[in-house]
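Trainee: Here it is: the structure, laid out below.
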Amino acid sequence: MSRIGKVPVPIPSGVKVAVSGQIVNVEGKVGKLSFNCRQELTVKVEGDKVVVTRKDDSRLAKSLHGLTRTLIANMIEGCLKGYSRSLEVYGVGYGVQAAGKKFTLNVGFSHPVVFDIPASLTVEVQTPQARGENEPAKFTVKGPDKQAVGEFAARLHKVRKPEPYKGKGVRYVGEYVRRKVGKAFAGTAGAGA
């Protein structure tokens, strides 16, 4: 038995879970999510808990048991509280802008990089423009779907990863950037002797 899979998922107040066949629907104050469960597993709502069981002890069913339970737990958590990922943009003249369902990154290219914000997500800009080395532009990606939030944040991070010399680029809040020392010019030792 999977140690994670056999633990029932509690349903907090303010969240509705409905199971129809293999489709699990979760609805809360932050949003609605749905998940199509594999045929090897059975999902049931028993009182105020969601129970995931497997139909047999095949290798595939065992491997999906804990995963499915965790995905359903993440859906419930996301619909209740939501998920967020905060990022910072370092670099002189670098900045961000959110307008409607478009998100624009200005990170030193000859053109701004424009993204379409996925339907279930929102992007909040706290500081639109970076000022110097110590004051980055800041923004947060928010939404009920943990995977969608992480994936969109990763796509934004990938546009310009932080470089090791000045640290310019897009980074997650709290991300450590290993810095390198630039080339040091040797003085006049040995020149023209």
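Trainee: Out of all the residues in segment 125-156, which are surrounded by fewer than 21 Cβ atoms within 10 Å (Cβ to Cβ), touching a Ser or Thr at 6+ places or on another chain (Cβ under 9 Å), farther than 23 Å from GLY108 by Cβ and among the charged types (D, E, K, R)?
Mentor: Keep residues of segment 125-156 that are surrounded by fewer than 21 Cβ atoms within 10 Å (Cβ to Cβ), which gives 125-129, 131-135, 138, 140, 142, 146-148, 150-151, 154-155.
Okay, now just the ones that are also touching a Ser or Thr at 6+ places or on another chain (Cβ under 9 Å), so 125-126, 135, 138, 140, 142, 148.
After this cut, where a residue has to be farther than 23 Å from GLY108 by Cβ as well, the list is 142, 148.
Selection gives LYS142 alone.
Trainee: Return yes when GLU77 is in contact with a Ser or Thr (Cβ under 9 Å, 6 or more places away or on another chain) and not aliphatic (A, V, I, L, M) and no when it is not.
Mentor: Numbers: in contact with a Ser or Thr (Cβ under 9 Å, 6 or more places away or on another chain): no; not aliphatic (A, V, I, L, M): yes.
It is false that GLU77 is in contact with a Ser or Thr (Cβ under 9 Å, 6 or more places away or on another chain) and not aliphatic (A, V, I, L, M).
Trainee: While we're on this one: Quick one: is GLU40 surrounded by 15 or more Cβ atoms within 10 Å (Cβ to Cβ), charged (D, E, K, R) and either farther than 23 Å from TYR172 by Cα or outside the structural domain of SER120 (by TED's automatic domain parsing) (or both)?
Mentor: Here the answer is yes, as GLU40 does meet what is asked.
Trainee: A further question on this structure: Based on this model, can you work out whether GLY169 counts as within 16 Å of the chain's Cα centre (by Cα) and either touching a residue at least 60 places away in the same chain (Cβ under 8 Å) or assigned by TED's automatic domain parsing to the domain that holds VAL96 (or both)? Show your work before the answer.
Mentor: Numbers: within 16 Å of the chain's Cα centre (by Cα): no; either touching a residue at least 60 places away in the same chain (Cβ under 8 Å) or assigned by TED's automatic domain parsing to the domain that holds VAL96 (or both): yes.
No, not satisfied.
Trainee: Then there is this: Counting only residues that are surrounded by 14 or more Cβ atoms within 10 Å (Cβ to Cβ) and touching a Leu at 6+ places or on another chain (Cβ under 7 Å), how many does segment 9-29 have?
Mentor: 3
Trainee: Report whether or not ASN25 is in a strand (DSSP E or B) and of a type in the set (S, T, N, Q). Can you show your working first?
Mentor: Values: in a strand (DSSP E or B): yes; of a type in the set (S, T, N, Q): yes.
Here the answer is yes, as ASN25 does meet what is asked.
Trainee: For LEU60, only one of the following conditions fails: (1) surrounded by 14 or more Cβ atoms within 10 Å (Cβ to Cβ); (2) not assigned by TED's automatic domain parsing to the domain that holds GLU163. What is its number?
Mentor: Here LEU60 meets the rest and fails (1).
Trainee: Just the residues that are more than 25 Å from PHE35 (Cα to Cα) and either of a type in the set (A, V, I, L, M) or not assigned by TED's automatic domain parsing to the domain that holds TYR90 (or both), please, taken from segment 105-161.
Mentor: LEU105, VAL107, VAL113, VAL114, VAL125, ALA130, ALA137, LEU156, VAL159
The values are calculated or read from the model by the stated rules, or taken from the named source; none is laboratory data. A quick note: this is a predicted structure, and the numbers were derived from the prediction, not measured. We place every Cβ from the backbone using ideal geometry, glycine too, and count neighbours over all the protein chains shown.
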